[in-house]
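J.: Quick one: the structure is below, questions incoming.
The values are calculated or read from the model by the stated rules, or taken from the named source; none is laboratory data. Everything numeric here is computed off the predicted structure, so don't read it as measured data. Heads up, the Cβs are rebuilt from the backbone with ideal geometry, glycines too, and the neighbour counts pull from every protein chain shown.
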Amino acid sequence: MDLGLEGKRALITGSSSGIGVGIARCLAGEGVRVVIHGRDVARAEAVAADIRNAGGEAAVACGDLSEDAGADAAASAALAAFGGIDILVNNAGGSTRGKIGSLDSGYWLDSYNANLVSAVRMIDRLHGAMVERKWGRIVQISSLAGVQNGGRSGPYAVAKAALNSMALGLSKTLAFTGVTVNTVTPGMIETSMLDSYFLGIGNQMGWGDDRARSVDYVLKNLHKQSVAQLGQPEDIGFVVAMLCSPRSDYINGAVFRIDGGTAASVY
């Protein structure tokens, strides 16, 4: 199916690694001109080069979105790259350093800034032109932790829950403008960030670096999925591409769980 995305322009924040790379590749594969974002210029340029080598169009915009100046720099570079942005995918964020269960206010503020306020900064800078053009897409990349808090994710889970709520509220604020706002909540996705986790499980259980055995154990006993595989960044990219399509005009304010059947909740 043609998603009707040929020639659209997208900024994917946090796309120099992990899930963001999968999203960027999927959108580029649909003919979207993508802007790769990160804080490390070399890593962002490498992702952009891979997309260009595959026949896509890609540019780079860097900046630390936890600060206004960094958000200004990233937004300005993204807008200049292809003459505007039609699609904003807020993927930047992640866990911040701190002890599980900590109530230290600085730890909580850092997590909110990284996972919620950074997204707000980019929406503030880019949504106005979408409204003027009467078409745009904003997709928030949240987390399963934001809809099912197991207690160990602390401020990260709460910040992601706030991101989900903000997205729903924004979809109402932008009603009838042609700009939709939706959220994707990934489960356990195979990225390099999981390497040390699985190695730790293997060492704890006496399996050493037998990653396959550690993954199997985690999915059946700790993470408790209902499919026997880790998610891939492209699994998230596929859903994001669908939500960005003009064919998805009727989808707004929704939350899509892409978690291998992990969540025990209906919503």
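J.: Please give the number of the condition D210 fails out of (1) among the charged types (D, E, K, R); (2) touching a strand residue (DSSP E or B) at 6+ places or on another chain (Cβ under 7 Å); (3) not assigned by TED's automatic domain parsing to the domain that holds A75.
T.: The one condition D210 does not meet is (2).
J.: In the range 109-139, which residues are under 23 Å from I251 (Cβ atoms) and more than 18 Å from the chain's Cα centre (by Cα)?
T.: Result: G128, A129, M130, V131, E132, R133, K134, W135.
J.: What residue, of V120, V139, V131, is modelled with pLDDT of 95 or more and buried (at least 23 other Cβ atoms within 10 Å of the Cβ)?
T.: Unique residue meeting the criteria: V139.
J.: From S111, S95, which residue is farther than 29 Å from K134 by Cα, touching a helix residue (DSSP H, G or I) at 6+ places or on another chain (Cβ under 6 Å), assigned to a helix (DSSP H, G or I) and of a type in the set (S, T, N, Q)?
T.: Just a single option satisfies the conditions, and that option is S111.
J.: Let me ask something else. Tell me which residues, restricted to the range 52-97, are in contact with a strand residue (DSSP E or B) (Cβ under 8 Å, 6 or more places away or on another chain) and among the basic types (K, R).
T.: Correct list: R52 only.
J.: Just checking, does the range 224-240 include any residue being touching a Pro at 6+ places or on another chain (Cβ under 6 Å) and either modelled with pLDDT of 95 or more or hydroxyl-bearing (S, T, Y) (or both)?
T.: Yes, because at least one residue in the range 224-240 is touching a Pro at 6+ places or on another chain (Cβ under 6 Å) and either modelled with pLDDT of 95 or more or hydroxyl-bearing (S, T, Y) (or both).
J.: Moving on to the next point. Just to verify a result, which residue in the range 136-148, among those that are part of a loop (DSSP other than H, G, I, E, B) and in contact with a strand residue (DSSP E or B) (Cβ under 7 Å, 6 or more places away or on another chain), is nearest to L174 (Cα to Cα)?
T.: S142
J.: Moving to a separate point now. Between residues in the range 48-71 that are outside any helix (DSSP H, G or I) and residues that are acidic (D, E), which pairs lie under 6 Å by C-beta distance while being six or more apart or on different chains?
T.: Every condition considered, the pairs that remain are V60/E45.
J.: A further question follows. Checking G7 against (1) in contact (Cβ under 8 Å) with a residue 60 or more places away in the chain; (2) assigned to a loop (DSSP other than H, G, I, E, B), which single condition isn't satisfied?
T.: For G7, the failing item is (1).
J.: Is at least one residue of the range 158-173 in contact with a helix residue (DSSP H, G or I) (Cβ under 8 Å, 6 or more places away or on another chain), in a loop (DSSP other than H, G, I, E, B) and buried (at least 18 other Cβ atoms within 10 Å of the Cβ)?
T.: Looking for residues that are in contact with a helix residue (DSSP H, G or I) (Cβ under 8 Å, 6 or more places away or on another chain), in a loop (DSSP other than H, G, I, E, B) and buried (at least 18 other Cβ atoms within 10 Å of the Cβ), one finds none in the range 158-173, hence no.
A quick yes/no check of all residues on (1) crowded, with 23+ Cβ neighbours inside 10 Å; (2) under 13 Å from the mean Cα position of the chain (by Cα):
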| position | (1), (2) |
| --- | --- |
| G4 | no, no |
| K8 | yes, no |
| I12 | yes, yes |
| S17 | no, yes |
| V21 | yes, yes |
| A28 | yes, no |
| V34 | yes, no |
| E45 | no, no |
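J.: Turning to a different aspect of this structure: Could you check G55 against (1) surrounded by 15 or more Cβ atoms within 10 Å (Cβ to Cβ); (2) of a type outside the set (V, I, T); (3) more than 13 Å from L126 (Cβ to Cβ) and say which number it fails?
T.: (1)
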